[in-house]
Amino acid sequence: MRSVERYLITLESWPWSAVSRVALGLIIPPIFRVLSGESDSIWIYFALFIGLLAVLRVVPALVRHAVPFSAEATTIWAQRRYIAKQYDSYQWQKLFWIGLGLLPHAVIGGGMGKGELVITFICLAGGSAGLLLWQRVDAAPSAN
């Protein structure tokens, strides 16, 4: 496996997956403020967030199809996609870390607008539920 592949796989492994999502959460408000024209509409922020989630799903898929990766890396990613399809909590837990990255904006830079607060709440509440459920699934003994 090439070093780039190892880096990409490590980026999606604990604890770096959490760190990368917190970093993503930290950059969302400034980017969304620019894209929304400083609008504080809940619907605009919700639409931007849904768009971001779509981009986070589509771009890696396009890269996997466009760039030749080793069989080992492809297998690891296929296993992770399989787990994500089997357990919603695997996907939802990722929102928790994004929500943690959003949270500092509530106390710095003039606070958060309504749209940012709603997205932060959704990420933290939904992500917490996903994280708790995933911990139960991950800790359960294997059926094999």
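Given the options 41, 128, 70, state which has the largest fluctuation in a GNM of the chain using a 10 Å cut-off (strictly under) for Cα springs. Of the options given, 70 has the highest mean-square fluctuation.
In terms of the mean number of neighbouring beta-carbon atoms within 10 Å, the peptides 20-29, 89-98 order highest first as 89-98, 20-29.
Based on DSSP H runs of at least 4 residues, each adding -39500 (n - 2.57), what is the mean residue ellipticity at 222 nm of the chain after dividing by all its residues, to the nearest 500 deg cm²/dmol? Mind dumping the intermediate values first?
Details: 6 runs with 111 residues, N = 144.
It comes out at -26000 deg cm²/dmol, rounded to the nearest 500.
Rounded to two decimals, the Cα-based Rg/Rh of region 43-103, with Kirkwood Rh, is 1.04. Here region 3-138 is treated as an ellipsoid with the same Cα gyration tensor; its semi-axes, largest first and in whole Å, are 28, 17, 13. Working from Cα pairs under 8 Å separated by at least six residues, relative contact order for the chain is 34 percent.
Are there DSSP H segments in the chain that both extend 15 Å or more along their axis (alpha-carbon positions) and score a mean Kyte-Doolittle hydropathy of at least -0.5? List them, or say none. Mind dumping the intermediate values first?
Values: long enough: 16-35 (28 Å, 1.44); 42-66 (35 Å, 1.83); 71-86 (22 Å, -0.67); 88-102 (22 Å, -0.03); 114-139 (37 Å, 0.93).
Once both thresholds are applied, what remains is 16-35, 42-66, 88-102, 114-139.
Read-outs throughout are calculated quantities, based only on the coordinates presented, and are distinct from any laboratory measurement. Quick caveat: nothing in here was measured; it's all calculated off a predicted structure. Note that each Cβ is placed from the backbone with ideal geometry, even for glycine, and that neighbours are counted across all protein chains shown.
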